[in-house]
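Beneath this line is the structure, given in structure tokens, with notes to follow.
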Amino acid sequence: MTPRFLPYALLLPATLFLLVFFLYPFVQIAVLAFSGPEGFTLQHVQTMTSHWKFGTALTNTIVLAAIVVPIQLVMALSMASIVTKLKTGRSAILYIFTIPLGLSDLAAGIIWLAIFEQSGFLNSVLYGLGIIEQPILFLGYQNIWVIFLAVILAEVWRATAIVMVILVSGMGLIPREYYEAAEVFGASPWKRFVKITLPMLRPSLQSALILRTLAAFEVFAVVVALGGTTLPVLMGETFQWQFALQDRNVASAYALVILAISIASTLFFLRVLRVPKEARI
Amino acid sequence: MAEIVIKNVAKSFGSFKALHSIDLTISDQEFMVLLGASGCGKTTLLRIVAGLETPTQGEVWIGGRRVDHLPPRERGIAMVFQNYAVFPHLTVFENIAFGLRMKKLPQAEIDGRVTRTAELMHIEQLLKRYSGQLSGGQRQRVAVARALAMEPDVILMDEPLSNLDALLRLEMRAELKGVLAASKTTTIYVTHDQVEAMSLADRISVMNQGRIVQAATPVEVYRNPAARFVGSFIGNPPMNFIPATREGEGRWNVAGITVEGPDAGRERLDFAIRPEDVDIAPGGLKATARVVEPLGAHTLVTTEVNGAMFRAVLDSDIRVSPGDELSLVPKPDRVRWFDPETTAAV
């Protein structure tokens, strides 16, 4: 075999794997979502959109992502900036920051449930301090915003580190001489961050944001743990339709909605954070 | 007006002393070259003046203002980096304009200055390009233009030509000299290339192991090295050294011949002569030719005098073959003497 074809040959098994286990199910889901007894139909999509929970689930999912991802971005940028400036203890701090990454999202949800539930830590502390007379039901359907807040907290706590790790490695790739040049030519620390770090970090920001946003659109276990079905999200509804309501067609339609917003956001980040070929390092 | 005064500056990295108490004054508009081998501390000294490194002790004054506690941007300096540090995400125009934008100059002023300096450096046709689309020489020009556009009091250059190929380096060297002389800035220029240093400098500071060994004009540094190190570092081929013993009042025995010298109350001195400062004549040093290298204008002959290497640059008309016995007479006014213990010139 000529060396020219070797790389393709080596990539072939993985490509086949992806085709069989991702592309094929994807086509199946698309078929399920749009087919009925008489062939092509939009009926399942109609069933989905006309259900009262669809709008709420879509809004909740997007609002959650729109709050969680920017918070994580800002926190990860600050943390990464600090970590890259450390001379000693850098890896120790990185390890500590990345501990939550080792947890499954369900476990993370349960940890925060243990804090917020009626017999949880928060109530015990407030009660112990004499601030409340009896435990409060934080995660009830009467105050959905508390569930919302708890989900945001859990998500930020759980998944900020992955953004930070990507940004730390990205910052490590920016040569120090650029910072020194910027410093000599009059840039304050903040200006250096805006004029050098951010533009030169675009490739890493792109990866981190795409990765994080896609995961945010698929938020599920944390929401289930903290709110059950009180706070509908797209992934939760997909699960409901598939297993509780036993309607695979509508579940497939939901899956396609998640896919569509995922693709849209990916394209958005690819475009906005594009680095022209001639402007790369 | 920007005189640079470096007072008693020292720098340690952990237990390593990179600079030992440096004192140096660079006059307004002077072109000062810091010359030395790698690791001699020349770049560290430059970075201390720039403010990119903090001295362990000492003071730095620029234009009558003490600056060693100020950040680089408040020192009135501009710098050209060894790897150019031309920002890849900005066009050439924005690179040159970078410092001007930081100063919040009006757009018209920025346009004017960028255009002027770009023309000066012959890169006006590249203003819309990115660094990735430029050659090394063009990037170098952008880096210099960016510094000049600041109209700084002081320009600091850290081995700016070392990444260029030989021909381009020659061309840029001449151009830099012209441009910098016209800009009337005070310049500190770091290099390990002695030819570059000789051709550019008003004065050269020769550095060795964290100390300035000599700070003088290029010709002075070449003709009258203040220490044996300078003589052996400057000049290609370097100075020849032969141990000499005292024969009497002002007379020294150098490899068997008597040479007039100082009477410094010592028994031993090192005799030194540049390879081009010897003539073939009777009564000179007995030398056996080992290697003969014709270089066109001259012929470089490596010989052995008293078992030690001795180089002579002779007129290319003189016919010498390996194994020939030569008699090399040093020009009396070009002979220099060094103390073998302190290595200082006597």
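Quick one: B:V190 ticks every box in (1) in contact with a Leu (Cβ under 8 Å, 6 or more places away or on another chain); (2) in contact (Cβ under 8 Å) with a residue 24 or more places away in the chain; (3) not in a strand (DSSP E or B) bar one, so which box is it?
(3)
Within region B:23-48, which residues are farther than 13 Å from B:V213 by Cα, charged (D, E, K, R) and surrounded by fewer than 17 Cβ atoms within 10 Å (Cβ to Cβ)?
Once the filter is applied, which keeps residues that are farther than 13 Å from B:V213 by Cα, charged (D, E, K, R) and surrounded by fewer than 17 Cβ atoms within 10 Å (Cβ to Cβ), region B:23-48 yields only B:D28.
Name the one entry in A:A181, A:A159 that is surrounded by 18 or more Cβ atoms within 10 Å (Cβ to Cβ) and within 14 Å of chain B (Cβ to nearest Cβ).
A:A181
Examine region B:153-168 for a residue that is under 22 Å from B:I77 (Cα atoms) and in a helix (DSSP H, G or I), and state whether such a residue exists.
no
Of everything in region A:164-178, what is surrounded by fewer than 22 Cβ atoms within 10 Å (Cβ to Cβ), assigned to a helix (DSSP H, G or I) and facing another protein chain (nearest Cβ under 9 Å)? Give them in sequence order.
Within region A:164-178, A:E177 is the sole residue that qualifies.
Test A:A57 against the stated conditions and say whether it is under 15 Å from A:L234 (Cβ atoms) and assigned to a helix (DSSP H, G or I).
Spelling it out, A:A57 is indeed under 15 Å from A:L234 (Cβ atoms) and assigned to a helix (DSSP H, G or I).
What helices (runs of 4 or more DSSP H), lying completely within region A:4-53, carry at least 2 residues that are closer than 17 Å to A:A251 by Cα and more than 26 Å from the chain's Cα centre (by Cα)?
A:24-34, A:43-50
Identify, from the list A:L139, A:L113, the residue that is within 24 Å of A:E218 (Cα to Cα) and in a loop (DSSP other than H, G, I, E, B).
Within the list A:L139, A:L113, the selection yields A:L139.
Please state which one of A:L205, A:L234 is surrounded by 18 or more Cβ atoms within 10 Å (Cβ to Cβ), within 14 Å of chain B (Cβ to nearest Cβ), aliphatic (A, V, I, L, M) and under 18 Å from the mean Cα position of the chain (by Cα).
The conditions single out A:L205.
Take region A:116-136 and flag every residue that is of a type outside the set (A, V, I, L, M), part of a helix (DSSP H, G or I) and touching a residue at least 12 places away in the same chain (Cβ under 8 Å).
Within region A:116-136, A:F116, A:N123 meet the criteria.
Looking at region A:82-104, is at least one residue farther than 29 Å from A:L201 by Cβ and part of a helix (DSSP H, G or I)?
no
For region B:277-297, check the following and say yes or no: at least one residue is farther than 28 Å from B:H192 by Cα and β-branched (V, I, T).
Yes, region B:277-297 has at least one match.
Just name the residue that is surrounded by the most Cβ atoms within 10 Å (Cβ to Cβ) out of those in region B:12-21 that are under 12 Å from B:Q57 (Cα atoms) and over 21 Å from the mean Cα position of the chain (by Cα).
B:K17
Those residues that are exposed (fewer than 13 other Cβ atoms within 10 Å of the Cβ) and either farther than 28 Å from B:V221 by Cα or in contact with a Pro (Cβ under 9 Å, 6 or more places away or on another chain) (or both), I need them from region B:282-339; list them, please.
Within region B:282-339, B:P282, B:G283, B:V291, B:G307, B:A308, B:D317, B:R319, B:S321, B:P322, B:G323, B:E325 qualify.
May I ask you to verify whether B:P275 is out of contact with any Phe, Trp or Tyr (no Cβ under 9 Å at 6 or more places or on another chain) and either surrounded by fewer than 17 Cβ atoms within 10 Å (Cβ to Cβ) or closer than 16 Å to B:F241 by Cβ (or both)?
Judged against the criteria, B:P275 is not a match.
Any idea which of B:M157, B:M207, B:M198 is touching a residue at least 12 places away in the same chain (Cβ under 8 Å) and either on the phi > 0 side of the Ramachandran plot or in contact with a Lys or Arg (Cβ under 8 Å, 6 or more places away or on another chain) (or both)?
B:M207
In region B:244-262, is there at least one residue being surrounded by 17 or more Cβ atoms within 10 Å (Cβ to Cβ), within 26 Å of the chain's Cα centre (by Cα) and hydrophobic (A, V, I, L, M, F, W, C)?
Within region B:244-262, none of the residues are surrounded by 17 or more Cβ atoms within 10 Å (Cβ to Cβ), within 26 Å of the chain's Cα centre (by Cα) and hydrophobic (A, V, I, L, M, F, W, C).
Out of region A:184-195, which residues are within 7 Å of chain B (Cβ to nearest Cβ) and either among the small types (G, A, S) or outside any loop (DSSP other than H, G, I, E, B) (or both)?
The answer is A:V184, A:G186, A:A187, A:K191.
Any read-out appearing in this document is the output of simple, stated calculations on the displayed coordinates, not a laboratory observation. Just so it is clear, the model here is predicted, and its values are computed rather than measured. Cβ sites come from the backbone with ideal geometry, for glycine too, and all protein chains shown count toward neighbours.
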